[in-house]
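Everything below concerns the one structure shown next.
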Amino acid sequence: MNYRLKFMLWLYDWSQIVYTKLFKQNKEAWGISKPEFLLYPEGTLGKAMGEFYRDKGFSVMPKLENHDAFHVITETGTEIQDEIAMQYLLFGNGKLSLYMFAMIGIGTFLYPEFIFYYLKSIKKGRSMARFHDLEFKELLDVNLMHLQAGFRSRHFLFI
């Protein structure tokens, strides 16, 4: 494992602890386990999230479930460059946060070879209906393809 990846993984692990304690202390965890996500009907966001956790071998991180929903809805990968690209996508979608800017700055500095991917991600975020501030727990029963189509067409008509 190279030094860039080691550093980013350490930073990510450390920042998740700090981020959830400082910025997410008033946010409630969804309280849904990986097996419970898999019980959602086929084709729903909930089921897709269960498959995401299962297929990636990830655990549900309390208070960070929305971030995982972002991955599922935008079909953004989970490699380190994808995580940085996700922050760019969220920026393009209108999100502004210290954490996001820190990850963009550090990630771009350490992984400049992905700059065109990052710029494409900003465009993707701008082209989508605003979603970065939605609580996706309320949409777990909604058909994933309908959600994705709605966000791509900039019309969110599911609530």
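With the convex hull drawn around the C-alpha atoms of the chain, the volume per residue stands at 108 Å³.
Taking amide H positions as modeled 1.01 Å from N, with prolines and chain starts lacking one, no residue 5 or more places away or on another chain lies under 5 Å from Leu64. In this structure, the amide hydrogen of Thr44, modeled 1.01 Å from its nitrogen in the peptide plane, lies closer than 5 angstrom to those of Leu144, counting only residues at least 5 positions away or on a different chain. Check cross-link reach from Lys34 to the lysines: straight Cα distance under 19 Å, and skip same-chain residues fewer than eight apart. Output for Lys34: Lys47, Lys56, Lys63, Lys137. Remark: segment 126-142, residue by residue, has Karplus-estimated 3J(HN,Hα) of 5, 7, 9, 4, 4, 9, 4, 10, 7, 9, 6, 4, 6, 10, 5, 8, 7 Hz, where x stands for each Gly or Pro and the curve is 6.51 cos²θ - 1.76 cosθ + 1.60 at θ = phi - 60°.
Couplings 3J(HN,Hα) of segment 116-122, computed from phi: 5, 5, 5, 5, 5, 5, 4 Hz, in residue order, whole Hz [Karplus 6.51 cos²θ - 1.76 cosθ + 1.60, θ = phi - 60°; x for Gly and Pro]. For segment 99-159, trypsin sites (Lys or Arg not before Pro) are listed when DSSP marks them as loop and at most 12 other Cβ atoms sit within 10 Å of their Cβ; the list is Arg154.
The local environment of Thr108, defined by Cβ-Cβ distances under 13 Å, has a net charge of -1 under the rule Lys, Arg +1 and Asp, Glu -1.
Read-outs: derived from the displayed coordinates by stated rules, not from any lab. From a predicted model like this one, the values you see are computed outputs, not experimental measurements. No Cβ is skipped: glycine too gets one built from the backbone with ideal geometry, and neighbour counts run over all protein chains shown.
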